[in-house]
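Heads up: the structure comes next, in structure tokens.
The values are calculated or read from the model by the stated rules, or taken from the named source; none is laboratory data. None of these values were measured; they are calculated from a predicted model. FYI the Cβ positions are ideal-geometry reconstructions off the backbone, even for glycines, and counts take in every protein chain you see. Side chains are part of the model used for accessible areas, which takes the heavy atoms of the whole protein and leaves out ligands, DNA and RNA. Shrake-Rupley method; radii C 1.70, N 1.55, O 1.52, S 1.80 Å.
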Amino acid sequence: LSLSQFPLGRRLPCDIYWHGVSFHDNDIFSGQVNKFPGMTEMVRKITLSRAVRTMQDLFPLEYNFYPRSWILPEEFSLFVDQVRMMKDSDPAWKPTFIVKPDGGCQGDGIYLIKDPSDIRLSGSVQSRPAVVQEYICKPLLVDKLKFDIRLYVLLKSLEPLEIYIAKDGLSRFCTEPYQEPTLKNLHQVFMHLTNYSLNIHSGNFIHSDSVSTGSKRTFSSILCRLSSRGADVKKLWSDIISLVIKTIIALTPELKVYYQSDIPVGKPGPTCFQILGFDILLMKNLKPMLLEVNANPSMRIEHEQELSPGVFGNVPSPVDEEVKVAVIRDTLRLVDPQKKKRKEGHLAGLHMVSYKNKIDVKSNYLMCYRCQALEHISEADEELLDTGQTDRPGYDSAGSPEADLPSLCLKQVFPKYAKQFNYLRLVDRVAALFIRFLGVKGTTKLGPTGFRTFIRNCKLSNSSFSMASVDILYIDITRRWNSMGIEHKEPGMCLQAFVEAFFCLAQKKYKSLPLHEQVALLIDFCEYHLAALDEKRLVCGRG
């Protein structure tokens, strides 16, 4: 693999474009890009909370891995009322809440409170929207310290959905022994916040040359420790895989809307993949809880250290190198743009280089990859490479261009486990209806005419639900969503508003059923009528 940096862009096309921040870092018309359009917006704290809440409305038990959340400032009154009701019903309940600014990162602006009234004292909510969540007071501790897990997830494809999870991750530790929150320790960030960027400034932070000690360790070293204590590590991994798949299922509907806006069907454009950073906290009972998703996880494999009094320099970080080099190396193996040629009898693969201390894809520049033709590999061997089975007994890797590389650290979890999770993809199907009626290519908002056409083509209006009622429903929901302080570059109904309207229609049509059944029935109803309409148009076209 030849690597070249092009800070000012490149005229000739590349196979792979590695952007530093987002899909829009450069204008790309072919090849593959390491960012999805809309991903940065989708994993912001408010948008992620909304997406997960939609799924919690449909499947509350399946999505109980995300803390109870409220969006500020719009839900402040609701937050105050619900906390008061819960305290009245359970006087022994002494909650703590964590406030996270919507656009914050690296622990910036995060603080803990014991009562909703403390938010108003901050005076910053109106100018800086935030999410407030119930704080997890009983985390799993190791060496009396709270820690979280950073797992790397590769979203290789959106349609069809293809997800890989790295077999190892990072465990990032607080630097003061944990105590449950009290008014006295509420502001001790080194005790309560696991952010590496905060704790590295603590005098107790330990840089270690071992991957199993110090303030940053491999997740596998924690699993070994848990296993030695008799913990069910297989079940823990299964729960984590489930959490990752369900979270991405919650994100994909709106990602598809962004995708069709930037890369309309039928027009030339790049394909996308992206490495995501999932931040997960383990509770004392080993239940994994999702903290947040990072669209641009740091891939640095070095850290700043004081080499002598007053003199700082970058030194290698063994634990970062152990995990991150494998993630990037195997991401490039999986998205190898020349795989089709292999199946035609030609191999144009990726010859990996040693990255050592040079990986830092958070830098805002374009990296362009050109792949050189190598030797032949059989289709059977190609399948083994795709599934990471090249290390299994009986596989002869001699002659393979990847023979001297370790087996893939990225494990495919979807579509491998699709049968277990496809029933959750109801909002995906709602998004497909939304996209169908957008009308104008490149837009992300549904106009009133498109909404009326959706109602008419799906046979949803009747004597008890007139087209006048349809217009009122559209206006009420669209106006409310557009008043929430979200950036709106164009007028119309966004996907979240359409989903709310769709749920409302489902509840009107199919009473006395659980919401997910109502929605599934309405989707089937709409898809049936649209398929009949398409068939009728096809027949008319032939005529």
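Descriptive notes on the structure:
- Filter pass, Gly269 being under 30 Å from Gln32 (Cα atoms) and open to solvent by less than 40 Å² (accessible area, probe 1.4 Å): yes
- Checklist (1) out of contact with any His (no Cβ under 9 Å at 6 or more places or on another chain); (2) open to solvent by 40 Å² or more (accessible area, probe 1.4 Å); (3) modelled with pLDDT of 70 or more; (4) closer than 29 Å to Phe147 by Cβ applied to Asp330, failing item: (2)
- No other residue among Arg172, Arg150 is under 17 Å from Phe278 (Cα atoms), more than 13 Å from the chain's Cα centre (by Cα) and open to solvent by 10 Å² or more (accessible area, probe 1.4 Å) apart from Arg172.
- When Ser157, Ser221, Ser171, Ser212 are screened for being touching a strand residue (DSSP E or B) at 6+ places or on another chain (Cβ under 8 Å), closer than 30 Å to Lys256 by Cα and among the hydroxyl-bearing types (Ser, Thr, Tyr), only Ser157 passes.
- Note on the stretch 153-169: residues that are open to solvent by less than 20 Å² (accessible area, probe 1.4 Å), closer than 15 Å to Ile328 by Cβ and either modelled with pLDDT under 95 or assigned to a loop (DSSP other than H, G, I, E, B) (or both) amount to 1.
- Residue that is farthest from Leu291 (Cα to Cα), among those in the stretch 181-220 that are open to solvent by 10 Å² or more (accessible area, probe 1.4 Å) and among the aromatic types (Phe, Trp, Tyr): Phe205
- Of all positions in the stretch 454-465, at least one carries a residue that is under 25 Å from Leu251 (Cα atoms) and either under 25 Å from the mean Cα position of the chain (by Cα) or surrounded by 14 or more Cβ atoms within 10 Å (Cβ to Cβ) (or both).
- Inclusion of Ser261 among residues that are open to solvent by 10 Å² or more (accessible area, probe 1.4 Å) and closer than 30 Å to Asp57 by Cβ is warranted.
- Every residue from the stretch 117-138 that is modelled with pLDDT under 90 and assigned to a loop (DSSP other than H, G, I, E, B): Gly123, Ser124, Val125, Gln126, Ser127, Arg128, Pro129
- For Val353: the one exception among (1) of a type outside the set (D, E, K, R); (2) at pLDDT below 85; (3) open to solvent by less than 50 Å² (accessible area, probe 1.4 Å): (3)
- Residue tally, condition at pLDDT 95 or above and farther than 22 Å from Lys167 by Cβ, over the stretch 266-283: 1
- Test for Ser197: is it at negative phi, among the small types (Gly, Ala, Ser) and in a loop (DSSP other than H, G, I, E, B): no
- In the set Leu243, Leu307, Leu281, Leu290, only one residue is surrounded by fewer than 22 Cβ atoms within 10 Å (Cβ to Cβ), touching a strand residue (DSSP E or B) at 6+ places or on another chain (Cβ under 7 Å) and part of a helix (DSSP H, G or I); that residue is Leu243.
- Among the residues listed as Phe79, Phe97, Phe65, the single one being touching a Leu at 6+ places or on another chain (Cβ under 6 Å) and buried (at least 17 other Cβ atoms within 10 Å of the Cβ): Phe65
- Selection status of Pro37, open to solvent by 30 Å² or more (accessible area, probe 1.4 Å) and modelled with pLDDT of 75 or more: no
- In the set Thr443, Thr449, Thr478, only one residue is closer than 29 Å to Asp262 by Cα and loosely packed, with under 14 Cβ neighbours inside 10 Å; that residue is Thr449.
- Any hit, the stretch 513-521, residues being part of a helix (DSSP H, G or I), modelled with pLDDT under 95 and either surrounded by 11 or more Cβ atoms within 10 Å (Cβ to Cβ) or of a type outside the set (A, V, I, L, M, F, W, C) (or both): no
- Ile301 being under 26 Å from Lys324 (Cβ atoms), open to solvent by less than 10 Å² (accessible area, probe 1.4 Å) and at pLDDT below 90: yes
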